[in-house]
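Visitor: Before anything else, here's the structure in question.
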Amino acid sequence: MNENSIAVFRRGYRMQWEAAQDTHVVLYPEGMAKLNETAAAILELVDGKQDIAAIIATLDSRFPEAGGVGPDVLEFLQSAYEQKWIQFRDPA
């Protein structure tokens, strides 16, 4: 994974709002994972089109008071990859 990689949800995985849980969740064949607001803000930008640099730039502009979210986004995306929610591909 690098900032030119494109993150995409693995087949069978998706993020959605779960009204019963009052939170965003990642749904997958074995179950569901609740997301906090930060995780949801990152994963809502995982569309299989934007590279990681674009995701970071979008979040930096949304949350300028954070002083740069790049390292946190990279750490979270690595964790999401390890959880098998997402995968990475090289740009076309």
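Visitor: Scan segment 64-79 for residues that are without any contact (Cβ under 8 Å) to a residue 60 or more places away in the chain and either open to solvent by 80 Å² or more (accessible area, probe 1.4 Å) or within 11 Å of the chain's Cα centre (by Cα) (or both) and jot them down.
Guide: Pro64, Glu65, Pro71, Asp72, Val73, Glu75, Phe76, Ser79
Visitor: Separate question: Return the total of residues in segment 30-40 being touching a Phe, Trp or Tyr at 6+ places or on another chain (Cβ under 8 Å) and either farther than 16 Å from Phe76 by Cα or among the aliphatic types (A, V, I, L, M) (or both).
Guide: Number satisfying all stated conditions: 2.
Visitor: Yes or no: Gln87 open to solvent by 60 Å² or more (accessible area, probe 1.4 Å), under 20 Å from Met1 (Cα atoms) and polar (S, T, N, Q)? Show your work before the answer.
Guide: Numbers: open to solvent by 60 Å² or more (accessible area, probe 1.4 Å): yes; under 20 Å from Met1 (Cα atoms): yes; polar (S, T, N, Q): yes.
Yes; evaluated as a whole, the condition is true for this residue.
Visitor: Okay, next question. I'd like the residue in segment 43-62 that is open to solvent by less than 50 Å² (accessible area, probe 1.4 Å) and closer than 16 Å to Arg10 by Cβ and, out of all such residues, is nearest to the chain's Cα centre (by Cα).
Guide: Leu43
Visitor: Considering Met1, Met32, which residue is part of a loop (DSSP other than H, G, I, E, B) and out of contact with any Pro (no Cβ under 6 Å at 6 or more places or on another chain)?
Guide: Exactly one of Met1, Met32 is part of a loop (DSSP other than H, G, I, E, B) and out of contact with any Pro (no Cβ under 6 Å at 6 or more places or on another chain), namely Met1.
Visitor: Also: Exactly one of these conditions fails for Pro91: (1) part of a helix (DSSP H, G or I); (2) at pLDDT below 95. Give me its number.
Guide: (1)
Visitor: Let me ask another. Checking Val46 against (1) in a loop (DSSP other than H, G, I, E, B); (2) modelled with pLDDT under 95, only one condition comes out false. Which one?
Guide: Only one criterion is unmet by Val46, namely (2).
Visitor: Another question about this same structure. Which count do you get for residues in segment 44-63 that are touching a residue at least 40 places away in the same chain (Cβ under 8 Å) and under 27 Å from Ala19 (Cα atoms)?
Guide: Count: 3.
The values are calculated or read from the model by the stated rules, or taken from the named source; none is laboratory data. Here the structure is a predicted model, which means the values were calculated and not measured. Quick reminder, even Gly has a Cβ in these numbers, built from the backbone with ideal geometry, and neighbours come from all protein chains shown. The area values use the complete protein model at the heavy-atom level, side chains included, leaving out ligands, DNA and RNA. Shrake-Rupley method; radii C 1.70, N 1.55, O 1.52, S 1.80 Å.
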